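This report concerns only the one structure given below.
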Amino acid sequence: MKISYQWILKLSGLDWPVKEMADRLTNCGTAVEEIEPTDQYMEKVVVGAVIDLKSIKGADKIKLATVDVGSETMDLICGAPNVAVGQKVPVALLGAKLTGDFVLKKAKIRGVESCGMICSERELGISDDHSGIMVFDSDAPVGTPLADYLDFHDHQLTFELTPNRPDSMSAIGIARDAAALAGVSVRRPELDVVESSEKASDYVSVRVDDSDVCPRYAARIIKNVKICSSPWWIQKKLLVSGIRPINNIVDITNYVLLETGHPLHAFDYDRFGSKEVIVRRATKGEKFTTLDGKGHDLIPDVLLITNGKSGVAAAGVMGGLDSEVENTTANILLESAYFAPSIIRKSRKYLGFVTESSTRFEKGADPNGVVFAIDRAASLMHELCGGEVLSGIVDCYPNEIKPVTISFRPTRCNAILGTNLTTDRMKEILSSLEMEVTGEDKLIVKVPTFRPDIEREIDLIEEVARMEGWANIPDAIANVGPLFTPIHRCDSFTEETRTVLTGAGFDEIVNHGLVNSKFAKEVNPDLDQVRIVNPSSSDLDAMRNSLSLSTLVVVEHNISHRNTDLHLFEIGTAYFPPDNHHDWREDQRIALAVTGNTPNGWRRTPRPLDFYDLTGAIEHLVAHFHWPAFEYVTGEISYLEPALSFDIRIKGQVIGSIGQVAPKIARLAEIKQPVYMAEFSTTSLLEMNVPIPSFKPLPQFPAAPRDMAFVVDADVLAGDLLTAIRKAAGPLAEEVNIFDLYTGKQIEKGRKSIAVAITYRSSDRSLSGEEVDVVQDNIAVVLKKKFNAEIRDK
Amino acid sequence: MSVLDDISVLMEKAFERISQADSLAALNDVRVSFLGKKGKITAILKDLGKLPVEERRQIGAAANNARSAIERRIEEAKDHLGSGDSRTFIDPTLPGTAQPLGHVHILNQVTDDICRTFYGMGFEIAHGPDIETDYYNFEALNFPPDHPARDMQDTLFVEGERVLRTHTTPVQVRELERRKPPIKIITPGRCFRNEAISTRAHVAFTQVDGFLVDEGISVSDLKGVLVAFCKAFFGEDVKLNFRPSFFPFTEPSAEVDVSCILCGGKGCQLCKYSGWLEILGCGMIDPNVLDTVGIDSEKYTGYAFGLGVERIAMLKYKINDIRLFFNNDVRFLSQFK
């Protein structure tokens, strides 16, 4: 909302400089977002007179104007369609800074020199009107600085108001807060309605069919108005508030709306269609044309003002085309009503527009502000349009909405705020906000109906806080709350996982979980999706049911930006809708991905990253968290290459998958290099009870290290070999590690060579060479028998 | 000449050659010729068995002594030769060869920093689901049925009458439901809103909410904890400004500005020349919220606050595009240690 700073000064009676006004209002919850001087584009702009106009050869759209600006007479080029000799106009002199960061310089067009510029309202920052130049009254004194002539030394304050404060949506409302901050009362304009002897009730009657949604409807009749433009003081207030002046009647309704916050509507009485206002809900399919010329098929959620036959206005939102005030209008039916917020919200949503009126009714207008607003407008119509105000208000207000009364404990207020305010101070604050306060220990507060947000004691405490100022509430330095703060396993788990995996060279990624449902269906055809009803983009219309979906997107993004070597991990959530077995599920998971090569360096040769880089990182986690070893069992995972995909199992339970991304999925994701991914659920791992490791005494006797190399068929699994070796070696083998794996020239095709290092040790003696030889021989026999192993060296 | 004499002659010879050796290779030659498999001292030791028993011990001891002495001399000589002669050269300007470290995502770094700061003040961390019910996200938090936040334009709805939570405050309700005061918790997590993605807005964002419910909690306590947090997080000199505001679930409510972390309040581009940066919202938990979860709002009061992690990260690290967080470009990720 935009309001004139001068207006607030006048209504509050204060003289605070604009910055102070803005800061103090902001700190009481009536936030000023922007301060714009209204005369900022009027420096070096003066009133000038157009003395002469000449056409320019070869240019039919521009003219050479000679203007008198008081101090001199100058030639300038003007392209405005409405320029004419004898006009008084705003003339920008060289060096003037106009809107759009435009600084006026001497210009030459078609060989003609131009030393100034006649301006439109837009160029001067007055309005958006750029249809022609501004033209002033003929008595405007030539040479006067424009801002002085227009009396335009003001500031436009832009307010960012909270939705609970409809009372602040007006000049009076803002001034009320300002005045209260200074401990004074707002100065409402004095009313003096001069009524004629004719009775309004002879001209119009009002019937409300649904008083739940229209608790009050008041009307006045103003006869014989003369439609013309409003006086400048009204236009100026409207312009500073960002509203375009139209004619005196419409301007008055807008002026009163800005001043009081109460929306009004003026109908052309003679085109209203009857002498009867009937307020009712629209019927389904009822036709109505709003004054913007748009036709609507209505529904009962729209409240309609009718003349008994057809609709004339969509209540509280917009008037109808047929009864709009025109230049020929003579008699006015003026409406001031109170519509319930809920009906206006539904109505404007259905009609599809928000207006100054609908916003105020939707947030909550004042049912008891109806009369002040209609009287204010009527008196202005009398004063400015020569209208004759008929006697009386036709007011349909069957059930009066009364101010609420709230009991207020000053002790409670101090307890909630942590303050030491006196009861008198609280009374002063509440009274300055136009509340009626009585009582001593326990106050009884009568809250005016323009404050629909105040219903409870806490709402009043809030008022005390904002008027006293949060800055005046002391900061407590006591640390209160429970004595002990636990750290939960899931949080330490996340933190440790990050430490381990970043230590292993993996970069952490974070995804929001919204994915493209079609892509998700391709990647995980068998998994249910959580679907978004109203996605902001079709690319983000489902929640991911595996982390891999996001990982693939991230891998693609990086590769397409030439980051081709990636070690990535994410700790995140996969989402599942309810099914026959489960409620909504959010599964916490870890995902890992590698692609490209290992880092290059002066001492290392890059090699392609692959499966074992993933399992290596996982082994770090397994070791760190003392989990049982992960088993990788050939599985069929929809998005992984069939021959290269494995289920991750732990104690027989499948917790995830690992492998190389299938070419079909890589193509979909537009990835052209091999990607290896792993993803596993951490839910069961977190629940797992991992025993605290007990200390094992350090060995007393030396170890006997031995190596052994043998050739086996290429498809023999290393894990099976190790298990067999450990079993054959018995308790003396402390450790068995593979240290070489070879296939190639020296080995028969279809076979591979594996070399293991075995550490033998006994806890009660030094082992002799002979003893170890016996074990080594036994291993050789077993491997020969079980795997057809050919021992190369031992 | 006796064998013993031979030994002392060999020893002298060895010493002499050691003193003449000018390289490690030359020293090694000496070692080989005297102590190697076919060395002269080694030969004597090998032949000990052929000697009569009475000589064996005496000569054995002498030979062993000689061996030790020669070895010692060789070691000493090595020290004198020094490493210059070893032809090794260290270039300390070469990069080291440890495994490169990965990076924790900047959003998580900032979230963790915030959480750690509050943990230090006794706030426990709690989590809740990202897919929420209308009840926890709105109703229990005192949002009226027709509040604009419940609109399709602002909130992402999920098939099956759920919403993607628009704040982590629902966790507050869940924790208040299952605990008894005093309760002091922070709730970090992902939130969502129906928004077109641009440099300044995203469908997803990260929030850290916090609250305390106990007897006698006041605005004063709220201010105290936020001042303590901001000083710990932004530095001792930071100033706070509380502007009254409105949230359905707190009353009274305020928005909090900190003095600009770049210019200190003098005014600069970051703070749009206001001197202040808006960083969090806060207030006293509305009595309706406490009553809804069955906590007596006359006996207990509480405060709550919430801050946006992306905003703080953007301010702190001068990141100018919110989309960078979720793009996960490794050139971005690797800038933040």
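Quick note: the coordinates plus some simple rules give every number you see, no bench work behind them. As the structure is a computational prediction, the values presented were derived from the model and not from experiment. In this analysis, Cβ positions are derived from the backbone assuming ideal geometry, glycine residues included, and neighbour counts consider all displayed protein chains.
Numbers for the structure displayed
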item	result
Sequence-separation-based contact order of chain A, relative, with Cα cut under 8 Å and 6+ spacing, percent	8 percent
Region A:470-623: radius of gyration over Cα atoms, expressed as a fraction of 2.2 N^0.38 Å	1.38
Distance-filtered residues of region A:525-558 - backbone nitrogen under 14 Å, label point 7 angstrom along A:ASP587 Cα→Cβ	A:525-530, A:544-549
B:ASN327-B:ASP291 FRET efficiency (beta carbon distance; Förster radius 51 Å; 0.05 resolution)	0.70
Positive dipole terminus of chain A, leading residue within A:VAL193, A:LEU547, A:ILE454 (C-beta point charges)	A:LEU547
Ellipsoid equivalent to region B:86-231 - semi-axes via the Cα gyration tensor, in Å	40, 24, 14
Additional length obtainable on full extension of the chain from A:THR328 to A:TYR350, 0.36 nm per residue less Cα span	4.7 nm
Percent of C-alpha pairs per 5 Å bin, region B:24-63, short to long	6, 25, 24, 18, 13, 8, 5, 2
Helix-only [θ]222 nm of the protein assembly as shown, DSSP H runs n ≥ 4, -39500 (n - 2.57) each, per residue, nearest 500	-9000 deg cm²/dmol
Cα-projected label distance for A:TRP602 with A:ASP212, points at 7 Å along beta-carbon direction, nm	8.4 nm
Principal axis dimensions, chain A - Cα atoms, whole angstrom, descending	131, 83, 58
Pair A:GLU428, A:ARG110: separation of 7 Å Cα→Cβ label points (nm)	7.0 nm
Hydrodynamic radius of region B:106-336 per Kirkwood, over alpha carbon pairs, in Å	18.3 Å
Euclidean distance of C-alpha centroids, region A:107-156 and region B:83-143, integer Å	59 Å
Acute angle (nearest 10 degrees) that the helix A:489-503 long axis makes with the longest principal axis of chain A, alpha-carbon atoms	70 degrees
Of A:MET169, A:VAL135, A:ILE665, farthest towards positive along the dipole that unit charges on Lys, Arg, Asp, Glu beta carbons give chain A	A:ILE665
FRET efficiency for A:ASP610 and A:GLU770, using Cβ-Cβ distance with R0 set to 56 Å, rounded to 0.05	0.85
For region A:644-698 versus region B:260-308, the gap between their alpha-carbon centres in whole angstrom	42 Å
Computed FRET value (nearest 0.05) for A:ASP715 with A:THR759, which takes r as the C-beta separation and R₀ as 35 Å	0.80
Cα centre as origin, Lys/Arg/Asp/Glu Cβ charges: region B:3-84 dipole, Debye	360 debye
The protein assembly as shown - charge dipole about Cα centre, Lys and Arg +1 at Cβ, Asp and Glu -1, debye rounded to 20	3320 debye
Solvent-free Debye scattering, log10 I(q)/I(0), computed from the Cα coordinates of region B:3-84 at q = 0.13, 0.26 Å⁻¹	-0.40, -1.21
Residue order, fewest to most beta carbons within 10 Å, for A:TYR639, A:TYR742, A:TYR760	A:TYR742, A:TYR760, A:TYR639
log10 of Debye I(q)/I(0), alpha-carbon scatterers only, for region B:179-306 at 0.18 Å⁻¹	-1.06
Among B:GLY267, B:TYR317, A:THR30 the positive-end extreme of the charge dipole of the protein assembly as shown (Cβ point charges)	B:TYR317
Relative contact order, percent, chain B [alpha-carbon distance under 8 Å, six or more residues apart]	15 percent
Alpha carbon convex hull of region A:297-440, projected area averaged over orientations, nm²	13.3 nm²
Kirkwood-based shape ratio for region A:95-190, expressed as Rg/Rh from alpha carbons	1.15
Fewest-first sequence of B:PHE249, A:PHE569 by Cβ atoms within 10 Å of each Cβ	B:PHE249, A:PHE569
Point-charge dipole on Cβ atoms (K/R +1, D/E -1) for chain B, about Cα centre, debye to 20	1680 debye
Residue-count net charge about A:GLU440 - beta-carbon cut-off 12 Å; Lys, Arg +1, Asp, Glu -1	+1
Debye equation applied to the C-alpha atoms of region A:193-238, log10 I(q)/I(0) at 0.16, 0.17 Å⁻¹	-0.75, -0.80
Spacing of the two label points (7 Å from each Cα toward its C-beta) at A:LYS402 and A:ASN472, in nm	3.3 nm
